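Structure first, then comments.
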Amino acid sequence: MTPLDIKPDFTREKFDSLIAPLWRDDTGRVVFETVHQCKDGSLYPVEVQLHLSRAESPPVFVAIIQDITERMQTMETLRESEASLARAQRIAHLGNWDWNIVTNELHWSDEIYRIFGLTPQQFDATYEAFLSFVHPDNRQSVIDAVNKAMHEKEPYSIDHRIVRPDGTERIVHEQAEVTFDENGKPIRMIGTVQDVTEHRQVQERLHNLAFYDSLTGLPNRQQINDSLSRAMLEAESRDRLVAVMFLDLDRFKNINDTLGHDVGDALLKEVAVRLKASLRPGDSISRLGGDEFILILGNIAHINDVTRVAQKILDQFIPPFRIAGRDLFASPSIGITLYPFDDNNTENLLKNADTAMYHAKSLGRNNFQFYTAELNARAARQLELETGMRRALEREEFVLHYQPLVNMQSGLIVGMEALLRWQHPECGLIPPMEFIPLAEETGLIVPIGEWVLRTACAQVKVWHATGFPALHVAVNLSSKQLQQKDFAEVVKRALGETGLEPRNLDLELTESLLMQDMESAVAILKELKDLGVMISLDDFGTGYSSLSYLKRFPIDFLKIDRSFVKDIAHDRYGAGIVRAIIVMAHTLGMKVIGEGVETSEQLGYLRNQGCDIIQGYFCSEPLATETFTDLLKDWQAIRMGKCSIKKASGAPHKKKGKSTRRSSKKKG
């Protein structure tokens, strides 16, 4: 056989070109791939190793020929597999990477470059270069995940954002595992990066379709039970209430039928906007469908709060809705149920609110009704009080009662706290707990507060003129009053009009009021102190009780809250707190007033601990002006004894069993 038998294209010229390198190469060896022919004429791939042996004369060429058909098939299969993998990665937006931790070399697949919007020339192929493309808000999370994987020897998985060179953002899912050497040192990390941006967007769209109303953007009925359950759990832990409101638009069907669904839909969207504006932060609102809405009010302290929100919602519907160039008027019917009063099951609460809503419709629409008759009556009374309170000042229905402040050493009355009462012409004497929150909510507390200030100052001036020149009066302030820019001028004007010396006026504030805005509070209190008035801190121990702010505020009197005084004879922890407060106040140069004193045991403990002044039913309940004048005249016989206060004939004395809730709180 000749070379032509196995290689049809063999020529002398080709052979000479193949062997030419052998003459120049001392190794005398060349390797190449070509195609040989079988006896039947078919072709197959071979690898030829051609050797030149110069030891022979003439030189001899030796060829070692290997059939590489299987190798080529394997390589072709591998190429096809790699191409399929690359296609699959492109479809899945998935790329793989390999990081040599020792050399800090990072190798990316083509798909990762596409995901990051980069070319290989734009990438430094290091771990730090990769981090530079991670969104700044997510960078530390990625670093922490990588470090945790290397320290805990476990794979990691994380979703994060990347920022492409053109400024666009993508969301990627990254996961990897670490290889360690025989000493447990991390040497290599292999992982994948998948672009999940579209998947995440689809998930969000599906979530919105499942849980949000497509028309108004409000949560739909799927979220109501979750929102209500969370509100109930929080209310239970904080001893609060939850209100569920079922709201239905009155005669909405007429609008839909007359003006069309487009107008009806536009109206529903505007209703949703106004409803959201009526709620407090933390409250939730959902659309059930049609013209029905559910509102959940959590963290409710008083039923009065629910009434105010319901009235606020009704007020939101007074202005017309401007829809498609015309004014439309719509009104709601609202049903209200309360947790835990009415039920503790979410479904039952929703049913209760629905029932109450239909009751509101039956009463003429455009109103709200509670699920129980008792609460409805309370709500009606609340509205009646709010209406009446707006006229109470001009009708002179407000009065002040006074509760004495008794010096522990001398046993003399050294002052009194002025407490606001409302003498309603039909309802009689209304306790402050019923109308003070309403006054705060409506802003009426500002003019009422000014009236209290002037009246108290004038009355103390009268008592000074009738033989009690050392008395001072304590007047409670509200947050609304302190927010007045000219409040110091208001106080100055009241003192000037009544002729009362500033040192005889004590302005009483609570911890929470001062802590709302410390910087403003410091400035306002400085203005007041410049006038010469005294400042008392009320309810101390129930709020922040911080030494840092006590040092900042110019406080003359610290009032120990009644909750600590109540059990000092039986509760060693409460007694210890009272003792600590007295020591602290005296260290800071303040005098201490013990509130809610009702028993001789409480009095004895406070006296032994050095408390300066006491206030409470043990001495007297709050009294009208004339009765308090009689008390002042009769008090000359009262003096501190070794064990108790002896009271003069005719001086009122409430025994231990009487409730303190009717005493000096709350609040004028």
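The values are calculated or read from the model by the stated rules, or taken from the named source; none is laboratory data. All values derive from a computational prediction rather than experimental measurement. Here Cβ is always computed from backbone atoms with ideal geometry, including for glycine, and neighbour counts include all displayed protein chains. Only protein heavy atoms, including side chains, enter the accessible area calculation; ligands, DNA and RNA are left aside. Shrake-Rupley method; radii C 1.70, N 1.55, O 1.52, S 1.80 Å.
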For this session: Quick one: which residue in D486, D506 is within 18 Å of G449 (Cβ to Cβ) and touching a Phe, Trp or Tyr at 6+ places or on another chain (Cβ under 9 Å)?
Result: D506
Problem set entry | strands (runs of 3 or more DSSP E) within the stretch 103-204 that include 3 or more residues touching a helix residue (DSSP H, G or I) at 6+ places or on another chain (Cβ under 8 Å) | 156-163, 169-180, 186-195
Exercise. Restricting the search to the stretch 384-398, which residues are surrounded by fewer than 18 Cβ atoms within 10 Å (Cβ to Cβ), among the charged types (D, E, K, R) and either in a helix (DSSP H, G or I) or under 41 Å from the mean Cα position of the chain (by Cα) (or both)?
Worked result: E384, R390, R391
For this session: Search the stretch 553-571 for residues that are at pLDDT below 90 and among the aromatic types (F, W, Y) and pair each with any residue that is assigned to a helix (DSSP H, G or I) and open to solvent by less than 50 Å² (accessible area, probe 1.4 Å) when their beta-carbon atoms are under 6 Å apart and the residues are at least 6 apart or on different chains.
Result: F553/L525; F564/G574; F564/V578
Exercise. Which numbered condition trips up L603, out of (1) within 16 Å of I555 (Cα to Cα); (2) part of a helix (DSSP H, G or I)?
Worked result: (1)
Exercise. For H160, which of the numbered conditions (1) within 30 Å of L267 (Cα to Cα); (2) free of Cβ contacts under 8 Å to residues at least 60 places away in the same chain; (3) not aliphatic (A, V, I, L, M) fails to hold?
Worked result: (1)
Problem set entry | Candidates A569, A580 - the one that is part of a loop (DSSP other than H, G, I, E, B) and open to solvent by 40 Å² or more (accessible area, probe 1.4 Å) | A569
For this session: Return a yes/no flag: does the stretch 89-98 have any residue that is open to solvent by 100 Å² or more (accessible area, probe 1.4 Å), at pLDDT below 85 and part of a loop (DSSP other than H, G, I, E, B).
Result: no
For this session: Might you let me know whether the stretch 227-248 holds any residue that is closer than 30 Å to S331 by Cβ, out of contact with any strand residue (DSSP E or B) (no Cβ under 6 Å at 6 or more places or on another chain) and of a type in the set (F, W, Y)?
Result: no
Exercise. On the given criteria, is A474 over 20 Å from M518 (Cβ atoms) and either in contact (Cβ under 8 Å) with a residue 60 or more places away in the chain or under 37 Å from the mean Cα position of the chain (by Cα) (or both)?
Worked result: yes
Exercise. Identify, please: which residue in the stretch 286-315 is open to solvent by 30 Å² or more (accessible area, probe 1.4 Å) and in a helix (DSSP H, G or I) and is, among those, farthest from M433 (Cα to Cα)?
Worked result: D315
Exercise. If you scan the stretch 469-507, which residues turn out to be open to solvent by 40 Å² or more (accessible area, probe 1.4 Å) and over 18 Å from G443 (Cα atoms)?
Worked result: P469, A470, E489, K492, R493, G496, E497, E501, R503
Seminar exercise, completed: Inside the stretch 2-58, the number of residues satisfying the requirement of being aromatic (F, W, Y) and within 23 Å of M72 (Cα to Cα) is 3
Exercise. Restricting to the stretch 231-276, what's the tally of residues that are aliphatic (A, V, I, L, M) and assigned to a helix (DSSP H, G or I)?
Worked result: 14
Exercise. Looking at the stretch 584-597, which of its residues are within 37 Å of the chain's Cα centre (by Cα) and surrounded by fewer than 16 Cβ atoms within 10 Å (Cβ to Cβ)?
Worked result: L588
For this session: State the number of residues belonging to the stretch 351-366 that are open to solvent by 30 Å² or more (accessible area, probe 1.4 Å) and outside any loop (DSSP other than H, G, I, E, B).
Result: 7
Exercise. Can you name the residue in the stretch 28-50 that is in contact (Cβ under 8 Å) with a residue 24 or more places away in the chain and among the polar types (S, T, N, Q) and is also least open to solvent (accessible area, probe 1.4 Å) among such residues?
Worked result: T34
Problem set entry | Any chance D5 is more than 19 Å from P59 (Cα to Cα), open to solvent by 60 Å² or more (accessible area, probe 1.4 Å), out of contact with any Ser or Thr (no Cβ under 7 Å at 6 or more places or on another chain) and assigned to a helix (DSSP H, G or I) | yes
For this session: Could you check, for the stretch 219-238, whether at least one of its residues is farther than 15 Å from T346 by Cα and open to solvent by less than 50 Å² (accessible area, probe 1.4 Å)?
Result: yes
Seminar exercise, completed: The condition of being touching a residue at least 60 places away in the same chain (Cβ under 8 Å) and open to solvent by less than 40 Å² (accessible area, probe 1.4 Å) holds, among L241, L215, only for L241
For this session: Would you mind stating whether T510 is open to solvent by 30 Å² or more (accessible area, probe 1.4 Å), at pLDDT 95 or above and either among the basic types (K, R) or out of contact with any helix residue (DSSP H, G or I) (no Cβ under 7 Å at 6 or more places or on another chain) (or both)?
Result: no
Seminar exercise, completed: D25 passes all but one of the listed conditions (1) open to solvent by 90 Å² or more (accessible area, probe 1.4 Å); (2) modelled with pLDDT under 80; the exception is number (1)
Problem set entry | From the options V193, V202, residue that is touching a strand residue (DSSP E or B) at 6+ places or on another chain (Cβ under 8 Å) and not charged (D, E, K, R) | V193
